[in-house]
Every structure is written in structure tokens, then in C-alpha cells.
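Here's the structure, in C-alpha cells; my notes come after.
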Amino acid sequence: MKEIRFVFHFGVLILIIGTLIGLPKFGYAQNITNEGSNIFDIRLQNVTTWPNIHSNVKTDFNPNVTSPEIQSSAFIHPFAVVIGDCYIGKLVLVAPTAVCRGDEGTPIHVGDSSNMQDGVVLHALETTDHGKNIDGRRFSSTGDRLMANDSLFSQGYAVFIGDRVSLAHDSMVHGPAWIGNDTFIGFKSVVFNARVGNNVAIGIGSIITGGVHIDDDRYVPPGSVITTQEQADLLPPRVGSEYENLNKAVIQVNERLAEGLLAKAYDSQLTDLIKQRETLMEESMLAIDNSNINNTAAK
């Protein structure tokens with residue numbers, strides 16, 4: 001609880017400072033999952049008092065200011081960072097020091113029951129420049145690379161991570177990149193400018209780049225450097241490798257961690273603290289509103 005109390009008190013400090021300098025009024029959101037269960041979400045709709053989750057800044061290559069979309073059953077650790085146009089699906093665990101940064105190439109999608117372990121980085125090259133689309137910088141949800149004039153480009157992804165994907169410690173997926181369902185990306189591995197299929201296992205310390213496409217059910221041995229399609233086509237099958245069943249076990253562990261951490265974060269003690277903070281916020285805003293009204297009337 002020490003860590004939670006620290007984040008809470010830091011949030012109160014940010015709230016008070018914001019109130020004093022006249023930042024936009026904050027408001028809490030209540031997320032309703034597809035299963036119909038309600039939880040009191042301490043993440044805010046737009047700007048959050050949790051300093052690790054916030055919108056991107058407006059730039060000439062990314063004029064849209066967007067806040068992350070995070071499903072209520074996902075758990076974002078207070079020492080993880082989620083910025084901008086990032087979608088985080090159900091039961092996703094975003095572990096300490098993991099980063100999803102949707103401020104350059106956008107959007108970034110992390111599918112249901114996937115996990116971003118400690119030190120994972122999701123980022124992408126810019127997808128537009130001064131309002132013009134850039135060839136090949138986005139993939140469709142089904143893994144097709146999209147050209148700038150494709151009618152589907154606006155619906156594409158700079159980084160697409162499918163469902164039940166494990167991004168192991170210190171791995172990086174840098175867009176343009178597409179990762180299929182049930183795939184395992186090993187520790188300290190890098191995927192950049194590539195498509196990795198479904199049920200693929202990538203061993204520790206591997207590099208996948210050069211515009212290659214790794215077919216479904218393949219195995220990338222530890223330390224591999226795959227930069228040509230010929231190398232990708234010669235990769236052995238995942239079934240029968242030492243990584244054959246690894247991802248299934250990793251997914252189960254991280255789903256349970258996400259559930260447990262979320263339950264701990266929303267226990268009754270923290271809920272009481274959140275309600276206290278909301279009351280303080282409403283009282284402070286009301287006082288400022290009344291003061292403004294009185295000042296206007298006096299003039």
C-alpha cells in the first residue's frame with residue numbers, strides 16, 4: 001500500500017497545483033466493461049492526475065491530440081507510461097517501466113490478454129507529415145501493409161499487437177510493425193519494420209527487421225538476426241522447439257497478475273481515499289467558481 005499511497009498523495013498535490021493555476025476541471029470516469037460490471041476508474045477521461053498516463057502533444061507530423069484508451073480490466077502500473085493514441089485491451093498487464101508511446105507514429109494497439117513486461121517499448125515512426133500519409137507506415141488489423149493512398153490507411157495501425165501476445169522483458173516493437181495473435185517476443189528482442197505472424201515464438205535477443213514477413217507457427221532461435229525474406233522463409237516450425245508451449249503459460253501468469261493487481265488497486269481502502277480526493281476537488285472547484293462570480297459581480 002505504500003506505493004499506492006505515494007501515487008495518491010502525488011495526485012492530490014498535482015490536483016491542488018492545477019486548481020491554483022487554473023488548469024481545466026478534472027473529472028473521474030466510470031468504465032463499464034462489455035461484461036456489464038462497473039468499477040470506479042481512477043484514470044481520468046482526458047487529462048489524468050496519474051502523471052504516467054496522458055495525451056500526446058500536437059506536432060506538424062501528428063496534429064491530433066489523443067488520450068490513451070484503456071479497458072477497465074487492464075492494469076497499468078504507476079511506474080509504466082502510456083501516452084497518446086494507445087489502445088490497451090482487456091486483461092492487459094503493463095508492468096513497471098514499460099512504455100506505450102503513441103505520440104509520433106499512430107495509432108498503437110495492444111490486444112486483449114497481452115502483456116507488456118518490464119522495460120518493453122512500443123513506439124513508431126511518424127505515419128503522417130504535414131497532413132500527408134506516408135507509404136508503408138501502417139498495417140491493417142489483418143496484417144496488410146498500407147500505402148499512403150489506400151482508403152484503409154486512416155483505419156490502420158503504426159503498431160498492432162494482437163491478442164494473447166507476450167512482450168517479454170526489455171523487448172521493443174517499433175513501428176511500422178504488426179504482431180499476430182498468440183505470439184511470444186523474447187527478452188531484449190527487437191521487431192522493427194516487419195510483420196510477425198500468429199503463434200510465432202521469437203527467442204531471446206533476436207532482431208527482426210528489413211520489411212520481412214514471418215509466417216504463422218514459426219520459431220526464431222535465440223540471437224537470430226532476420227533481415228531478408230529468404231532468412232524468414234527458412235525459419236523452422238515453432239512446434240517441436242523449446243518455445244513450443246511457452247507463450248500459453250506466460251499469458252496465464254500475466255492475466256492472473258493483471259487481475260490481482262487491479263483488485264488490489266481498487267480495494268475498499270483506496271476507494272475511500274479516491275472519494276475523499278473527489279470531494280476535495282469538487283469543493284475547491286466550487287470555491288473558485290463562487291470567487292469568479294463574486295469578482296464579476298463586483299466589477
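Here are some notes:
- Greater than 25 Å apart at Cα, pairs in Lys90/Lys248; Lys58/Lys264; Lys58/Lys132: Lys58/Lys264
- Chain lengthening between Asn64 and Thr209 when straightened (0.36 nm per residue, less Cα-Cα): 49.4 nm
- The 3J(HN,Hα) values that the Karplus relation (6.51, -1.76, 1.60; θ = phi - 60°) gives for segment 165-181 are, in residue order, 9, 9, 9, 6, 3, 6, 7, 9, 10, 10, x, x, 7, 9, 10, x, 5 Hz. Gly and Pro appear as x.
- The label-point distance for Thr228 and Asp129, in a model that sets each label 7 Å from Cα toward Cβ, rounds to 2.9 nm.
- Directionally averaged projected area (segment 48-104, Cα convex hull): 3.6 nm².
- Efficiency of FRET from Cβ geometry, Ser154 and Val239, R₀ 41 Å, rounded to 0.05: 0.60
- Counting only protein heavy atoms and a 1.4 Å probe, segment 179-259 has 46 square angstrom of accessible area per residue.
The values are calculated or read from the model by the stated rules, or taken from the named source; none is laboratory data. Please read all numbers here as calculations on a predicted model, not as lab measurements. When we count neighbours, we look across all protein chains shown, and the Cβ atoms used for this are built from the backbone with ideal geometry, even at glycine. Side chains included, ligands, DNA and RNA excluded: accessible areas come from the protein's heavy atoms. Shrake-Rupley method; radii C 1.70, N 1.55, O 1.52, S 1.80 Å.
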